[in-house]
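As structure tokens, the structure follows; a few thoughts come after it.
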Amino acid sequence: MTFLAEAAGISKCFGGVVAVDSVDLVIDEREVVGLIGANGAGKTTFIRLLLGLLRPSAGTVRLFGAPPSTATRRRVGYVPQSLGMYADLTVGENWRFASAAFGGRCGPMPDGVAVREASLVGSLPLGDKRLVAFAIALAHSPELLILDEPTSGVGPLGRARLWEEIRETTDRGVGVLVTTHNLEEAEQCDRLVIMADGRAVLSGTAAEIVGDHKVIEVRCRNWSKALAVLERSGFAVQLHAEVLRVVGPVSAVAGSLSEGNLDARVEVVTANLEETFVALVGNR
Amino acid sequence: MWAMVAKEFRQLRRDHRTLAMMIALPILLLVVFGYAANFDVHNIPTVVVGPGARASASLLRAPFHVVEVDRAGNQSTAEACLRDGKAVVGLVTGDHGITVFIDGTQLFSAQTAESALAKARVSEEAAGLASLPVRVRVLFNPRLTTSWIMVPGLAGLILVFVGTLITSLGVVRERQAGTLEQLAVMPFRAWDVIAGKIAPYLIVALIDLIVILLIGMGIFHVPFRGNIAVFALGAALFLLVTLGLGVLISTVSQNQGQAIQLAIMSLLPQVLLSGFIFPVSSMAAGVRWISYVLPLTYFVEISRGVMLKATPISSLWGPIGLLALLGAAVFGLAIARFRRDLAPSTRVPQ
Amino acid sequence: MRWGLEGVSVHFGRKVALDEVTVPVDASGITVVIGGDGAGKSTVLRTLVGLVRPDSGVVSRPPKRATGYLPATAGLYADLTVDENCKFSASAYGLRGADCERRKNELLEQVGLNAASDRLGGQLSGGMQRKAAVVIALLHSPELLVLDEPTTGVDPVSRSELWRLISGVAAQGTSVVLATTYVNEAARANSAVLLEAGKVLAAGSPEAILRSVTGAFGSAVGGSRPTPQSWRRGAGWRIWAPSGVLPEGVTPLQPDFEDAVVVAELVGEAR
């Protein structure tokens, strides 16, 4: 079975620096894979390896079952974070330029784009810009889509609308790779791969990644004092409205609170994706 | 490939500043090198003094153009006229012959005058006419050394360069980085920000000025004969104009690229049309008015006058007054616009 | 309400940036302004700190010396080191001496930047830049801290550290106002204001906003959109039935804060 994209044990070294270290990743049709990592984790280098813009120092990359080439790159659509459009050209002019670049093999403009054809891209609000960039990337009917921070800066409803577009393409059989810093976005993906220091440290669905990770939820009327007491005892405390979430053994947390003469309810709960991420990847 | 070409043209069409530069620059260069860049001198203002003034004046032909005949005047009168820039050649008649004084700071006029006089003598001798003894003396710059003319102008050029170009870049950098907003929220008064931003460039400009002058005086032996205070006043007022222009450019530019474009467009005419290289008097009349609106023209006049001719302030009120007016206007406008950026606004953040 | 905006309207030329917006800011705790791009979040914050003068309404704020502000774009000078940036801010606010130095070191240590104090601002990663910028805004112990999208584009670990820093100062009595596009950040606020196209769609504590949602909620799977009031979440759909009756094949469930925000936006759009 041929995956749309397959990376097997790929590594890349620049001089003495290992940017990507033995990463395995597959992207299949009809799925959305989220690639998350802190800065410097190697996400951008990995994407360039996948697209064939860089040659791996070790391992193999396959796009549609073959090594990356100009032919296979025509079957890939890419939207960078900066959207890759010219702000001083109109939507129509950007569309035609992209068509020409891909050899004129583009269908007619979709309604969503045509209605804004004469507007300068630079004058559009961000949500509209992202929709247009997305449409342009799809113009040449790619089978694999790579999206870099697709909804950064967009509000909740706008984000849902963008994801509707993304899901529409996966329903048609396209495979999508999304890179993001935003764990809220990550929860929209079918599968996640977490990179740190060039390695893929975790993969699976969000639920699988969180697994058994737990945090201690502390509810206390005097939450500000509780926070101060716990921080001073060396715990990492996150504040959510007036509820504290603490990483550490429940007995130690409870002990610290009672030492501070605080009356608090302490409960062990499942960690969220962000807390799991920080616990596994933070402070490297 | 054609897609790239078409796209570039479309983008260029919308980039008004670059378009303006593309059109304005060739026009400027055409005007300059067609009409303004002229080393030929056809008109040398001349004063004739002394007892035989009228007679001698009637004998003078082009390129000499007699602007004043003063029978009561003498050598000092003639020298004063040259010092004040009223004339380039002073003919002093007397019992012991004629002495012609030439203003050596007007390089090309002086050369033309010298060769005209030499030619006249040759033709007189050829015609067998006896001539009165004529002595020619070049004042202020006896050997007609080019560097002596250039260094005072260069001083002005440095002030334009640092004052306008460098300052505009430095101030616009704040706007480009987005930190200008933060300054507005900090407990600074608007004046703290403005003065604080401009002061370093002012200091650098002054240091550069002093270095240029020292080099000029030390290596090229350019003299500094006049009153330092007058020179300082002229420089200060000129700096007011150039710094003001630099700040003004930064208030209409969003980034350093735009600032450079505007700064260069204001610098280039000044370099070419201020009399720094091509003498103003040789410019075609239709173009000469441009140099009268350029601040550098007046500073060059002050700078050359003070350094080479020891021109007193009483003869320089014109250029000094104009620089003061221009400085107040430009600097005032610049500060007003800059304050607006620091005050609560009703404009969309840019 | 100690500080904030009350009935504020702002026009930029003909464009209405804010329309009768009220954002109450208590003396302590975290207030979050949430909305999409162009909703007016930055304008609210800039009006609060005095960069924008409103056409109508009342703005209350502490004096400049007691305010800290971080704009969406910058925060520190790229060509100065972190240390030099701190020094500039400190001297602007009149801080001097050993106390200032100590506070700076404490704050930098809290966000793990003490080793980076000699690095140029431009050499830091996005997350580190934001952390450093928040530290700089906190040096003078302001009463009101205003942050414009402090975590947009920031990696998850830095985001977590930033929130720890912000929560810490909020617990110590600083009032924090922050603008964000992330719903899960608004859920962590003591008080939230949802903006869209310059208007307030919802306001109050996250619980209150959640409780104010009427109608029925459900989820569904499948390729096509179940009803006009549906939106994508993960691989499935969320459906909101304002009438209280869910269509066939839809599994009912309890809405969460994100649902409440989307509903408020849908309602706002319909108007």
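The values are calculated or read from the model by the stated rules, or taken from the named source; none is laboratory data. Just so we're clear, the structure is a prediction, and the values are computed from it rather than from any experiment. Positions of Cβ are backbone-derived with ideal geometry, glycine not excepted, and every protein chain shown enters the neighbour counts.
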Looking only at region B:115-124, decide whether some residue is surrounded by 19 or more Cβ atoms within 10 Å (Cβ to Cβ), modelled with pLDDT of 85 or more and not polar (S, T, N, Q). no
In region C:95-145, residue farthest from A:ALA38 (Cα to Cα) [restricted to those that are part of a helix (DSSP H, G or I) and of a type in the set (Lys, Arg)]: C:ARG102
Name the single residue, out of those in region C:57-75 being part of a loop (DSSP other than H, G, I, E, B) and within 18 Å of the chain's Cα centre (by Cα), that is farthest from C:MET128 (Cα to Cα). C:ARG61
Does B:THR112 meet the test of being touching a residue at least 60 places away in the same chain (Cβ under 8 Å), within 32 Å of the chain's Cα centre (by Cα), closer than 30 Å to B:LEU60 by Cβ and not in a helix (DSSP H, G or I)? no
Only helices (runs of 4 or more DSSP H) wholly contained in region B:1-81 count here; list those with 3 or more residues that are within 14 Å of another protein chain (Cβ to nearest Cβ). B:2-14, B:16-31
Residues that are in a loop (DSSP other than H, G, I, E, B) and away from every other protein chain (no Cβ under 14 Å): does region A:217-227 have at least one? no
Scan region A:265-284 residue by residue and report those that are in contact with a helix residue (DSSP H, G or I) (Cβ under 6 Å, 6 or more places away or on another chain) and away from chain C (no Cβ under 14 Å). A:VAL266, A:VAL268
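Table: residues versus (1) crowded, with 24+ Cβ neighbours inside 10 Å; (2) within 25 Å of C:LEU165 (Cβ to Cβ).
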residue: A:THR180; (1), (2): yes, yes
residue: A:GLU187; (1), (2): no, yes
residue: A:ASP190; (1), (2): no, no
residue: A:GLY198; (1), (2): no, no
residue: A:VAL201; (1), (2): no, no
residue: A:GLY204; (1), (2): no, no
residue: A:LYS214; (1), (2): no, yes
residue: A:ARG232; (1), (2): no, yes
residue: A:GLN238; (1), (2): no, yes
Restricting to region A:143-154, name every residue that is closer than 12 Å to A:ARG130 by Cα, surrounded by 22 or more Cβ atoms within 10 Å (Cβ to Cβ) and not β-branched (Val, Ile, Thr). A:LEU147, A:PRO150
Please count how many residues of region C:14-54 are out of contact with any strand residue (DSSP E or B) (no Cβ under 6 Å at 6 or more places or on another chain) and either among the charged types (D, E, K, R) or within 14 Å of chain A (Cβ to nearest Cβ) (or both). 8
A:ILE209 passes all but one of the listed conditions (1) in a helix (DSSP H, G or I); (2) farther than 30 Å from A:ALA19 by Cβ; the exception is number (2)
Does A:VAL20 satisfy being more than 16 Å from A:MET195 (Cβ to Cβ), crowded, with 20+ Cβ neighbours inside 10 Å and of a type in the set (A, V, I, L, M, F, W, C)? no
Could you tell me which of the residues B:GLN261, B:GLN270 is assigned to a helix (DSSP H, G or I), farther than 26 Å from B:ASN227 by Cα and out of contact with any Phe, Trp or Tyr (no Cβ under 7 Å at 6 or more places or on another chain)? B:GLN261
Across region B:176-200, what is the total count of residues that are more than 10 Å from chain C (Cβ to nearest Cβ), surrounded by fewer than 17 Cβ atoms within 10 Å (Cβ to Cβ) and of a type outside the set (Gly, Ala, Ser)? 3
Of all residues in region A:228-241, count the ones that are under 29 Å from the mean Cα position of the chain (by Cα) and at the interface with chain C (Cβ under 8 Å from one of its Cβ atoms). 6
